[in-house]
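Visitor: Quick one: the structure is below, questions incoming.
The values are calculated or read from the model by the stated rules, or taken from the named source; none is laboratory data. Keep in mind it's a predicted model, so treat the numbers as computed, not measured. Note: ideal-geometry Cβ built from the backbone for every residue, glycine included; neighbour counts use all protein chains shown.
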Amino acid sequence: MAQRLIFLAAAFLCAAALAPEARSETVPFDSGRWEIKAKEGRVVNHLGRNSLYLKAGVAAVRDTKFKNGVIEFDIAFTGERGFMGAVWRLQDFENYEEFYLRPHQSGNPDANQYQPVFNGQAAWQLYYGESYSAPTRYDNNQWTRVRIVVSGNRAEIYIKDTETPALVVRELKRETREGRVGLTVGNFAPAYFSNFNVTAMSDPPPLKGKAGEAAAPAPAGTVKSWMVSDAFDRKILEGKYQLAPADREKLNWRKLGVEQNGTANLARLQGAADGRDTVFARLVIQSDREQVKKIRFGFSDEVKVYFNDQLLYGGTDVYQSRDYRFLGTIGLFDELYLPLRRGENELWLAVTENFGGWGVTAQFENMEGIKVNE
């Protein structure tokens, strides 16, 4: 009996040593610990609770150090069009992980959204579908519990039901790096928050939900990396049908790899703003002979394609540019037939960002007789 008690005690101590160290705390909105960068942000009484009213911005807890753990809060909204939720691993107000609800899309496949934010650029047009959003029904004008469990490069989101995750994010897109936590509300309708609690853990906590099958690798022929220029004003290319040597000399280049789905998130390198909303994404194609090669490609939000310095194509996928339901999500929806000469060829895509995601993707029909970016 004594030996069994000793064994159980040792097992308990071992398990305690292996369990993630957790620091749980509730952060009142009137505590002075909140830094608010928003159009409106104030402490009010709403639905019988002391709460934070937030509109068009982010509220972050100043002194949190969060890499893994749990974020919990109650949220209330009217059901009007809006985008409200939480941020974590916040490095600054332009770089963080984000999850938000879309109350006006209640019950639809895009009722919510996980997205990374790089250099102030939202990215929902690049990351959509399974693992980024889930159909969820909301209750308006009452408190709804939201629980976010962050574990390494994965997360799961609970909405109302705190036992079964509504969404399992199988891959967080930003690096696993300690940062602050907070709340966010986009443009349009405001939201109210109460009972904000954060539990920071030293190690990744276990997850309940199943992430589903791993994302399939990008198919053969997918462009795996791009050379990306520094940003410039899209107006520079107005009426420019031929690139000159001077156009090349002004540019600095960096290599950018693609995501597992084959999309390059251009905002990983820089943000977009007035006067610097466009970059060139360049491919160098070595061909062993003269041939025509089909390439499928996608972009967000506008593109001008130059092949061997000659303007070949222009297109736009700007949000609602075709009709009010058009989202402008990226995909291999366009194609070109490149007249390759023997030797070196260059394909330059001038990609302009409007909002919602700055990206480019491409896939050759086959790689027979060509090498790309080598």
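Visitor: Here is a list: GLN286, GLN270. Which entry is assigned to a loop (DSSP other than H, G, I, E, B), polar (S, T, N, Q) and touching a Lys or Arg at 6+ places or on another chain (Cβ under 9 Å)?
Guide: On the way: GLN286 fails: assigned to a loop (DSSP other than H, G, I, E, B).
Result of the check over GLN286, GLN270: GLN270.
Visitor: Looking only at the stretch 233-257, which residues are part of a loop (DSSP other than H, G, I, E, B) and out of contact with any strand residue (DSSP E or B) (no Cβ under 9 Å at 6 or more places or on another chain)?
Guide: Those that are part of a loop (DSSP other than H, G, I, E, B) and out of contact with any strand residue (DSSP E or B) (no Cβ under 9 Å at 6 or more places or on another chain): GLU238, GLY239, ALA244.
Visitor: While we're looking at this one, here's another question. Name the single residue, out of those in the stretch 351-372 being among the hydrophobic types (A, V, I, L, M, F, W, C), part of a loop (DSSP other than H, G, I, E, B) and at pLDDT 95 or above, that is surrounded by the fewest Cβ atoms within 10 Å (Cβ to Cβ).
Guide: MET367
Visitor: Also: For the stretch 37-79, what are the residues that are among the polar types (S, T, N, Q), surrounded by fewer than 18 Cβ atoms within 10 Å (Cβ to Cβ) and part of a strand (DSSP E or B)? Can you show your working first?
Guide: If we filter the stretch 37-79 for residues that are among the polar types (S, T, N, Q), which is where we start, we get 45, 50-51, 64, 68, 78.
Still in the running and surrounded by fewer than 18 Cβ atoms within 10 Å (Cβ to Cβ): 45, 50, 78.
Hits for the stretch 37-79 are ASN45, ASN50.
Visitor: Which members of the stretch 35-64 meet the condition of being closer than 13 Å to PHE196 by Cβ and either outside the structural domain of VAL87 (by TED's automatic domain parsing) or small (Gly, Ala, Ser) (or both)?
Guide: Those that are closer than 13 Å to PHE196 by Cβ and either outside the structural domain of VAL87 (by TED's automatic domain parsing) or small (Gly, Ala, Ser) (or both): SER51, ALA59, ALA60.
Visitor: Oh, and also: Taking GLY315, is it surrounded by fewer than 18 Cβ atoms within 10 Å (Cβ to Cβ), touching a strand residue (DSSP E or B) at 6+ places or on another chain (Cβ under 8 Å) and outside the structural domain of ALA123 (by TED's automatic domain parsing)?
Guide: In short, yes.
Visitor: Same structure, new question: Which condition breaks for ASP161 when tested against (1) farther than 25 Å from TRP34 by Cβ; (2) of a type in the set (D, E, K, R); (3) part of a loop (DSSP other than H, G, I, E, B); (4) in contact (Cβ under 8 Å) with a residue 40 or more places away in the chain?
Guide: (4)
Visitor: Any residue at all in the stretch 187-209 that is part of a strand (DSSP E or B), more than 30 Å from GLU163 (Cα to Cα) and touching a Ser or Thr at 6+ places or on another chain (Cβ under 9 Å)?
Guide: For the stretch 187-209, residues part of a strand (DSSP E or B), more than 30 Å from GLU163 (Cα to Cα) and touching a Ser or Thr at 6+ places or on another chain (Cβ under 9 Å): absent.
Visitor: List, please: which pairs have Cβ atoms under 6 Å, are six or more places apart or on different chains, and start with a residue in the stretch 319-341 that is under 14 Å from GLY356 (Cβ atoms) and end with one that is surrounded by 13 or more Cβ atoms within 10 Å (Cβ to Cβ) and aromatic (Phe, Trp, Tyr)?
Guide: GLY328/TYR319; THR329/TYR128
Visitor: Hey, another quick one. Looking at the structure I just gave you, is ALA264 modelled with pLDDT under 95 and either farther than 23 Å from VAL168 by Cβ or not assigned by TED's automatic domain parsing to the domain that holds LEU347 (or both)?
Guide: no
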